[in-house]
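Report on the following structure.
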Amino acid sequence: MHKYCVILAGGSGTNFWPISREDKPKPFIPAGTSGLSFVQQTYRRALELFPAERIFIVSLSRYREVLVDQLPDVAPDHLLLEPYGRGTATSIAFVTYKLLAMDPEAVMVVTACDHYIGTDARFSSAISKAMDYAAGTDALLTLGIVPTSPNPNFGYVQIEGGSEAYRIGEPVKAKTFTEKPSEELARVFVDSGEFLWNSGIFVWKASAIREEMHSCCPEITNLWKGWQKNLGGAGEARFVERVYSDSPNNSIDYAVLEKSRNLSVLPCDFDWTDIGSFLAYYDYDSAKDADGNLTAGVRGKCFLKDASGNIVYCDEARKLVVLRGLKDYMVVDAGDVLMICPRDEDIMKDTVREITCPEFSEYR
């Protein structure tokens, strides 16, 4: 057994402000009616496929306490804590060298913790097939989802073989990788029948991603020289601090995947979405009332009349939330912040940008 699961639990989650804050970002806020956070749900899903000793969590060191609180069964040495946020490329480099130090034959699944994934057997079957494939090749593998709409918030992978490749159910060679195209370009991609959504779930041998990173982003891997003697020893924290101090901030998508000629895709049809914002959460959550109001985040009572298409959140169990005559709005009561604004992606992003000024720093 050389199979491992890596959960990336970083990111600021500003698209979920004011629920997501600097001291408790999106991975640690409740996701859906279960009451479990994004990282808790992802960890539970991983436990269905991997033993606990084969699961690693990568996050920032300042979130150690909330990680221990939410995932008390995870061993301390399975929490890989970063001193600074430097993007997913550096996070993946960190866990790659850690795994290589433990198991030179390691094969890993790398996943973010803000995905919705269906509970049927299609996901577990895809992971099993992907890991078996990755174990026998040096190719990098991403799970590609057959698109159902031209969503500009997802990455797209063009595959060899076009729409016929969807039906093969086996890994196929990737031709191009595009991160978050415009809506017009996304529509062209979907209509062509040659593109899959990039799920952000990657499977590869640790040795394979190390070599590909060294080829595509040596400015990151060169910083890890000496990892063999420093990782796992008394000087690990000091070594990692130095690496992160000098490391560029870059995602694995831009640093490697868009440059690599060694990328393959496994076409998949399991239920999946990237819950990157309130709007994505609204689209995926089926717990809406007959008028399209989503109130799953209301802990207390809620009274709605002549209201439709709203997202309502309130984490105070003793508070009654009353909405009347409101359509397509977001009403988010996070205790010290009450936000009321149209349910519109651009307006939401603009609002978050405007409140980042020093005057409102205590609410970040």
Restricting segment 160-174 to residues that are modelled with pLDDT of 90 or more and not in a loop (DSSP other than H, G, I, E, B), the residue that is nearest to Ala130 (Cα to Cα): Val172
Residue by residue through segment 327-354, note down the ones that are of a type in the set (A, V, I, L, M, F, W, C), open to solvent by less than 90 Å² (accessible area, probe 1.4 Å) and free of Cβ contacts under 8 Å to residues at least 60 places away in the same chain. Met330, Val331, Cys341, Ile347
Pick from Gly235, Gly292, Gly226: which is of a type outside the set (A, V, I, L, M, F, W, C), touching a residue at least 12 places away in the same chain (Cβ under 8 Å), more than 30 Å from Lys129 (Cα to Cα) and out of contact with any strand residue (DSSP E or B) (no Cβ under 8 Å at 6 or more places or on another chain)? Gly226
Quick check on Ala280: is it small (Gly, Ala, Ser) and either part of a strand (DSSP E or B) or in contact (Cβ under 8 Å) with a residue 40 or more places away in the chain (or both)? yes
Please go through segment 241-258 and pick out each residue that is assigned to a loop (DSSP other than H, G, I, E, B) and buried (at least 16 other Cβ atoms within 10 Å of the Cβ). Ser247, Asn250, Ser251, Glu258
Residues that are of a type in the set (A, V, I, L, M) and either open to solvent by 10 Å² or more (accessible area, probe 1.4 Å) or in contact with a Pro (Cβ under 8 Å, 6 or more places away or on another chain) (or both), drawn from segment 185-207: Leu185, Ala186, Val188, Val190, Leu196, Ala206
Are any residues in segment 300-341 farther than 17 Å from Ile29 by Cα, small (Gly, Ala, Ser) and over 27 Å from the mean Cα position of the chain (by Cα), and if so, which ones? Gly300, Ala307, Ser308, Gly325
Among the residues of segment 43-73, the number that are among the aliphatic types (A, V, I, L, M) and not in a helix (DSSP H, G or I) is 6
Segment 169-190 residues that are on the phi > 0 side of the Ramachandran plot and touching a residue at least 40 places away in the same chain (Cβ under 8 Å), paired with ones that are in a loop (DSSP other than H, G, I, E, B) and open to solvent by 60 Å² or more (accessible area, probe 1.4 Å) (beta carbon under 8 Å, 6 or more apart): none
Segment 44-82, residues that are of a type outside the set (Val, Ile, Thr), farther than 19 Å from Asp103 by Cβ and in contact (Cβ under 8 Å) with a residue 40 or more places away in the chain: Arg45, Glu48, Ser59, Leu60, Tyr63, Leu67, Gln70, Glu82
Condition first: at pLDDT below 95, open to solvent by less than 20 Å² (accessible area, probe 1.4 Å), on the phi < 0 side of the Ramachandran plot and not small (Gly, Ala, Ser). Can you find one or more residues in segment 216-230 that meet it? no
Of the candidates Arg238, Arg261, Arg210, the one satisfying the condition of being surrounded by 14 or more Cβ atoms within 10 Å (Cβ to Cβ) and of a type in the set (D, E, K, R) is Arg210
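The values are calculated or read from the model by the stated rules, or taken from the named source; none is laboratory data. This structure is a prediction, so every number in the text was calculated from the model and none was measured. Using ideal geometry, Cβ is built from the backbone for each residue, glycine included, and neighbour counts are taken over all protein chains shown. Surface accessibility is based on the protein's heavy atoms, side chains included, excluding ligands, DNA and RNA. Shrake-Rupley method; radii C 1.70, N 1.55, O 1.52, S 1.80 Å.
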